[in-house]
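Here is the structure we will look at, set down as structure tokens.
The values are calculated or read from the model by the stated rules, or taken from the named source; none is laboratory data. Being a predicted model, the structure only gives us computed values, none of them experimental. Don't worry about glycine lacking a Cβ; one is built from the backbone with ideal geometry, like all the others, and counts go over all protein chains shown.
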Amino acid sequence: MKCKMSEIKNILKKLLENQISIAEAERLLKANHIEEVGDLAKLDIFRKTRTGTPEVIFAQNKESQVLIDITERFLQSNNYAILSRYNEEQKALIHKIFEEKKEYKIEINELGKIIVIKNKSFDFPERGGIIGIITAGSSDIPVAVEATIIAEAMGCKVITSYDVGIAGIHRIFTPLSDMIRSGVHVIIVCAGMEGTLPGLVAALVDVPVIGVPISSGYGMGEKGKGALTTMLQSCSPGLLVVNIDNGFGAGASAAIIANKIME
């Protein structure tokens, strides 16, 4: 940390002495700063400053105490920490430890398996982007919730509509029309099974659509493979596709697009 502070002071000194421009100083300060947590993790503390996308702590397969150590170190440098894909043991320990720290508030979303810990005085600033999130079926909702929380953490307003898949195709038109009237900049569509809905939505709207294949289906198309293949083979232009169950990637990508439009 001492070395990093020295680098920052050097950049500021060069700026004061007119050796570099303000724009160049900003670029240098946005460079990739790394915090070490023992020998186990390296935290990209300044990712949100550099790219607009927050670092999310992926809890899956981490030992509970390691997860706590990473989270506490992250909170030392930020007003918040976001943890995704936690298990019950991790959740219980996090809740116990951070409930006792009165300066923080904890938001646990059981459906999306995501936890947000924030300083009580902190709220994510609004940036003006508007995102629509649609699911084909109720099985797709957990991934949609993950995308929602990430997009909201990046300052976007999110409008959702669930369980409007092509098995009852008439259900999609009213919520989709409402989203367009609300001025959405991007629409995320989560779909499992054969994954047809994102291509259909992309054929009906004039905004980018991000398809999220969900790990459901039978036989050859199991675990989201069928949905992924369908989305990648779609004839509809304007459809982008993230990996299977990647709600984080969809929410972050949609927010980057939406917020850029609002700059």
Failed item, numbered, when residue 94 is tested on (1) assigned to a strand (DSSP E or B); (2) surrounded by 15 or more Cβ atoms within 10 Å (Cβ to Cβ): (1)
Which number in (1) in contact (Cβ under 8 Å) with a residue 24 or more places away in the chain; (2) outside any helix (DSSP H, G or I); (3) outside the structural domain of residue 187 (by TED's automatic domain parsing) marks the one condition that residue 102 misses? (1)
Would region 153-167 turn up any residue that is at pLDDT below 90 and not in a loop (DSSP other than H, G, I, E, B)? yes
Please go through region 219-245 and pick out each residue that is closer than 26 Å to residue 183 by Cα and surrounded by fewer than 19 Cβ atoms within 10 Å (Cβ to Cβ). 235, 236, 237, 238, 240
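If you go through region 130-152, how many residues are surrounded by 18 or more Cβ atoms within 10 Å (Cβ to Cβ), assigned to a helix (DSSP H, G or I) and not acidic (Asp, Glu)? Give the steps one after another, and end with the answer.
Step one: list which residues in region 130-152 are surrounded by 18 or more Cβ atoms within 10 Å (Cβ to Cβ), which gives 130-137, 140-151.
Going one step further and asking which of them are assigned to a helix (DSSP H, G or I), we end up with 140-151.
With not acidic (Asp, Glu) added as a condition, the list becomes 141-145, 147-151.
Of the residues in that region, 10 qualify.
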State which residue pairs qualify: first residue in the same structural domain as residue 73 (by TED's automatic domain parsing) and at pLDDT 75 or above and inside region 1-30, second residue part of a helix (DSSP H, G or I) and of a type in the set (Lys, Arg) in any location, beta carbons under 7 Å apart, and separation of 6 or more residues or different chains. 20/14
Filter region 116-129 for residues that are assigned to a strand (DSSP E or B) and in contact (Cβ under 8 Å) with a residue 40 or more places away in the chain and give the result. 117, 119
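Do you know which of the residues in region 203-252 that are outside any helix (DSSP H, G or I) and among the small types (Gly, Ala, Ser) is modelled with the highest pLDDT?
Kept after step one, since they are outside any helix (DSSP H, G or I), are these residues of region 203-252: 203-218, 233-246.
Now narrow it down to the ones that are among the small types (Gly, Ala, Ser): 203, 211, 215-217, 234, 236, 238.
Working: 203: 95, 211: 98, 215: 95, 216: 89, 217: 83, 234: 93, 236: 92, 238: 91.
Filtering first and then ranking leaves 211.
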Any hit, region 179-195, residues being surrounded by fewer than 18 Cβ atoms within 10 Å (Cβ to Cβ), within 16 Å of the chain's Cα centre (by Cα) and modelled with pLDDT of 95 or more: no
